[in-house]
1. If amide hydrogens are placed 1.01 Å from N in the peptide plane, which non-local residues have theirs closer than 5 Å to the one on A114?
2. Let's test the formula: R0 of 22 Å, r as the Cβ-Cβ distance of A206 and A49. What FRET efficiency results, to the nearest 0.05?
3. Can you list the residues, at least 5 places off or on another chain, whose amide H is less than 5 Å from the amide H of D76, using H built in the peptide plane?
4. Students sometimes get this wrong: rank L191, L150 by accessible area, probe 1.4 Å, all chains present, largest first.
5. Would you list K189, K211 from the most to the least accessible area, probe 1.4 Å?
6. Specify whether the C-alpha gyration tensor of region 166-226 places it in the rounded, prolate or oblate class, a ≥ b ≥ c being the square roots of the eigenvalues: rounded for a/c under 1.5, otherwise prolate if a/b is larger than b/c and oblate if not.
7. Could you run the Karplus curve 6.51 cos²θ - 1.76 cosθ + 1.60 with θ = phi - 60° over region 158-167 and give me ³J(HN,Hα) per residue in whole Hz, x for Gly and Pro?
8. Based on the Cβ-Cβ distance from N163 to S118, what FRET efficiency comes out when R0 is 30 Å, to the nearest 0.05?
Amino acid sequence: MTLRPSIPLYQQRGSVLVTAPATEPVTASELRTHLRVDSTELPDAEANALIAESRQMIEETTGLAFISQSWRLSIDRWPGGQEAWWDGVRQMAISELYAPNYMTSVHMPRWPLASITSVTVYDDDSNAETVTVANTFDVDTYQVPGRITLKNGSTWPIALRANNAIQIVYVAGYANAAAVPSVLKRALKQLAAFLYTNRGDTCAPADAMDKSGANDIMALYRPMRV
């Protein structure tokens, strides 16, 4: 009898920022209004630094992308993709033999998903092949997090490289500051206000998120599995 490893439910993945957002969701003037201070107490440069720092903290903590930004997701293999190489006899529940819907999708770590820019696969020698997204995947920008799902009748593009065999470049975030929900902007302003008020104090990012109230606000938007 030949023993084979069980199917991994989660493939190794890594994300790299390709293009940073062009603007911030909150202006220096809006932050000053929230704090009820003037430009003498909080100059533009300092306010913008607080806004950028707060945005990055929230984005890293929750996966949210405030303003459109491009990311490259690298994964080692497709979900269930190794089934094409199976050459033995398997005995198990029929529900495991036929992969459920979530096993035919790859979810993007950053949300909301706006579009898929490209999908590239690599062979053993790291030769790249560009996948035609429209012919192979259905792109779901409705759910959070967004995903690409293998179309009926399609097969996973062959990806053989041991590490990072698949790279997906995608755009996540709202089109502009006006499109960002006001509740999300409030979370950012509360966090920035906390950092401003407690500047110079020792405070871990997690503590700042909690004590500012930003964590409670973001809990309303965090993706949840049911």
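The values are calculated or read from the model by the stated rules, or taken from the named source; none is laboratory data. Worth saying up front: this structure is predicted, and the values here are computed from it rather than measured. Neighbour counts run over all protein chains shown; Cβ positions are idealised from the backbone, glycine included. Areas reflect the complete protein model, heavy atoms only, side chains present, ligands, DNA and RNA absent. Shrake-Rupley method; radii C 1.70, N 1.55, O 1.52, S 1.80 Å.
1. Those qualifying (amide H under 5 Å, at least 5 residues apart or on another chain) are V171, A172, G173.
2. Details: r = 20 Å, r/R0 = 0.93.
For A206 and A49, the calculated efficiency is 0.60.
3. Residues meeting the amide H criterion: Q12, N164, A165.
4. Numbers: L191 0, L150 30 Å².
Of L191, L150, the descending order of accessible area is L150, L191.
5. Values: K189 50, K211 140 Å².
In descending accessible area the options line up as K211, K189.
6. Working: a/c = 1.82, a/b = 1.67, b/c = 1.09.
In terms of gyration-tensor shape, prolate.
7. The phi angles translate into 5, 9, 10, 4, 4, 10, 6, 6, 10, 10 Hz.
8. Values: r = 19 Å, r/R0 = 0.64.
My answer for the efficiency is 0.95.
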